[in-house]
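The values are calculated or read from the model by the stated rules, or taken from the named source; none is laboratory data. Note that this is a predicted model, so its numbers are computed, not measured. Methodologically, a virtual Cβ is constructed for each residue, glycine included, from the backbone with ideal geometry; neighbour enumeration extends over all protein chains shown. Note: accessible area is taken over every heavy atom of the protein model, side chains too, but ligands, DNA and RNA are not part of it. Shrake-Rupley method; radii C 1.70, N 1.55, O 1.52, S 1.80 Å.
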Amino acid sequence: MIKRFSLISVSIALGCIATIAPVLTSIYVADEDVERRDQNELRDFAAKALMRSELVTYQAFAALAELDRFPGASCSPENLAQAARVIFNYGYIQDAGTYSDGQYLCSPLLGDVRTKHLALPPPDWRSADGYSVWFMRKSPLSDVREDIQVGRNGHYVFIDPKSYVDLIDPARRPIAAINTATGTLFALSSGANKDEMLNAWKLGGKLNTQGWYYAVAKSATRPLAVVVKAPRSSLVGDWPKLLAMWLSIGVALGAGFGWLAYKRVSHQLSFTATLEWAIARKKIQVVYQPIVRLADNRCVGVEALVRWQLNGRYVSPEIFVAVAEQNHLIQPLTDLVLARTIAELSPLFRADPTFYASINLSSEDLRSDRFLNLLTNALKGTGIASSQIRIEATERRFMNADETRGVIEAFRTAGHPVYIDDFGTGYSSLSYLQTFQVDVLKIDKSFVDTMAKDSASSIVAPHIIAMAHELGLEVVAEGVESAPQVEYLRERGVQYVQGWYFAKAMPVIELMAWLLAREKPQEAARLTTL
Ligand code: C2E
Ligand code: CA
Ligand code: CA
């Protein structure tokens, strides 16, 4: 009897352990997962905040460069008018003027103060590339506000420190901007303490405060860092309640998830295997989307876009390219796209030596010279110039900046212009521009979509365009769908456009007909009547 009783209790205990152990493990894992996600999300936010700080810094430099370009006499009425234009055009600039020998001379807000001897103390910091910075400078106009003053070559601009940190963030996470050369915290949004944020920066975000996470993002190009913080969220706050809930539904859920996981893994396996098979059998097509030059409305080249049909339906390239990337199939896929592009477009390439095709590369393609060697060999003896095959690299895929930089340089040296794709969608776009030498920026469709509309991205778009001009880069706007967008881009000096307003991506036969109809309408009409 006793034996049976203990057997039952052991079974019950084992049963309980068998039920509870996985549940507890899942709760623990889930809690860890929430923590990891929170931290990742905060790191992303830090990168976004850094991009804003870099943008403000860049704008100050651009404004100073523009002040520097004024050819006439300092403090003349024309000079003050030009400075006023700079203030108006650069949204983050509060005042822009001239100084010399420790004195303010003039600005649109101060007026001509040369005789007033308004003193300007020496700067708090001088950068290696010649910028002087005063971190908390009271303008002679104000006895309340302290601004950041940046000067160069006798010109200065005032920036409200809030510009560096006033991101639109529904979670209102505090942000601080720090000059890493001097260790000065020069901008701080509400909800945080100066010492705390400085400490978090010094510890690389590993500050141990109860209830808070910190993240630090450092600029790749300037001595600039931002620190952000967010409250910890914890799953196990109400542990007993959660336990009861999990106990009741744990088993059913486990079985359900198990079944789903099994389905998903087996689907993934078969999807990947089918893709591998399709690539090996070259059952992949390439379509071409025209790129139009706005100056003369001519189609100057195309972007090669890969297509795959599975069971009679096209699979989105966003999906199968990602699967190819995760399963080491991307290199054979890129090779196939290149081979098809050269084979299908060579008549067009030979007929017009300025006509080009751009090919999308993935991070694996950018990690070594393998693809460049293949490309060089493929072009040998074909009469196709290297500038007729161009490279599109999206920063989302530049996983390893050091390796990629050399490969990108090698493409350029070999005569293949390099485009940065989806510019503006990654958080690090600005620093990449200074890290990588490229030829062309492709502005992402998400910015083009909001053009001429009153939204946050439409504020960013003109800056991206202005910055590209400043850096001597050409610009292609992607996803152009309407005439007002074309007008907007034309007014801002964007040279090239691509989008459904002109044409969708199409197979080579349709492309040739499209080109003919566009360039030689009479001939096209004659052919269709034959
Ligand atoms: P992407 O490089 O940004 O290509 C542009 C995408 O925008 C293409 O989608 C194109 O069809 C679409 N598009 C162009 N104009 C318009 C427009 O006016 N309106 C709208 N709504 N969409 C427009 P697609 O072909 O589906 O390609 C999606 C992404 O897949 C590409 O984005 C690229 O990241 C990737 N991809 C495509 N082909 C290749 C390839 O050969 N190799 C690699 N590595 N990636 C590729
Ligand atoms: Ca592209
Ligand atoms: Ca793109």
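Are there helices (runs of 4 or more DSSP H) fully within segment 389-493 with at least 2 residues that are at pLDDT 95 or above and more than 13 Å from ligand 3 (Cβ to nearest atom)? List them.
401-413, 483-491
Restricting to strands (runs of 3 or more DSSP E) lying wholly in segment 115-176: which have 2 or more residues that are within 30 Å of Y213 (Cα to Cα)?
Hits in segment 115-176: 132-138, 146-152.
Could you give me the residue pairs with C-beta distances under 6 Å whose first residue belongs to segment 202-224 and is of a type in the set (S, T, N, Q), whose second residue is open to solvent by 40 Å² or more (accessible area, probe 1.4 Å) wherever it lies, and which are 6+ apart or on separate chains?
Going by the 6 Å Cβ cut-off, the qualifying pairs are T221/Q434.
Y90 versus (1) closer than 24 Å to A215 by Cβ; (2) in contact with a helix residue (DSSP H, G or I) (Cβ under 7 Å, 6 or more places away or on another chain): which is the lone unmet condition?
All conditions are met except number (1).
Which of the residues spanning segment 461-513 are of a type in the set (F, W, Y) and either open to solvent by 50 Å² or more (accessible area, probe 1.4 Å) or without any contact (Cβ under 8 Å) to a residue 12 or more places away in the chain (or both)?
Passing the criteria: W500, Y501.
Regarding segment 308-327, can at least one residue be identified that is closer than 30 Å to R492 by Cα, hydrophobic (A, V, I, L, M, F, W, C) and either in contact with an Asp or Glu (Cβ under 6 Å, 6 or more places away or on another chain) or not in a strand (DSSP E or B) (or both)?
The answer is no; no qualifying residue exists.
Just need a number here: residues in segment 147-191 that are in contact with a Ser or Thr (Cβ under 7 Å, 6 or more places away or on another chain), surrounded by fewer than 20 Cβ atoms within 10 Å (Cβ to Cβ) and of a type in the set (S, T, Y).
Looking only at that region, the number is 0.
Taking the stated definitions as given, is K504 assigned to a loop (DSSP other than H, G, I, E, B), at pLDDT below 95 and farther than 30 Å from E403 by Cα?
no
Please work out which residue is most open to solvent (accessible area, probe 1.4 Å), limiting yourself to segment 128-146 and to residues that are closer than 18 Å to D68 by Cα and at pLDDT below 95.
D129
Check A84, A96 and return the single one that is assigned by TED's automatic domain parsing to the domain that holds R222 and either aromatic (F, W, Y) or surrounded by fewer than 21 Cβ atoms within 10 Å (Cβ to Cβ) (or both).
Answer to the check: A84.
Since S386 meets every condition but one in (1) polar (S, T, N, Q); (2) in contact with a helix residue (DSSP H, G or I) (Cβ under 7 Å, 6 or more places away or on another chain); (3) in contact (Cβ under 8 Å) with a residue 60 or more places away in the chain, which condition does it not meet?
For S386, the failing item is (3).
Filter segment 286-307 down to the residues that are assigned to a loop (DSSP other than H, G, I, E, B) and within 16 Å of ligand 3 (Cβ to nearest atom) and list them by number.
The answer is none; no residue qualifies.
Residue-by-condition table, conditions (1) buried (at least 19 other Cβ atoms within 10 Å of the Cβ); (2) of a type in the set (G, A, S); (3) under 24 Å from W277 (Cβ atoms):
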| residue | (1), (2), (3) |
| --- | --- |
| E318 | no, no, yes |
| E325 | no, no, yes |
| T334 | yes, no, yes |
| P353 | no, no, no |
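I'd like the residue in segment 366-378 that is over 12 Å from G415 (Cα atoms) and crowded, with 20+ Cβ neighbours inside 10 Å and, out of all such residues, is nearest to ligand 3 (Cβ to nearest atom).
The extreme case among them is L366.
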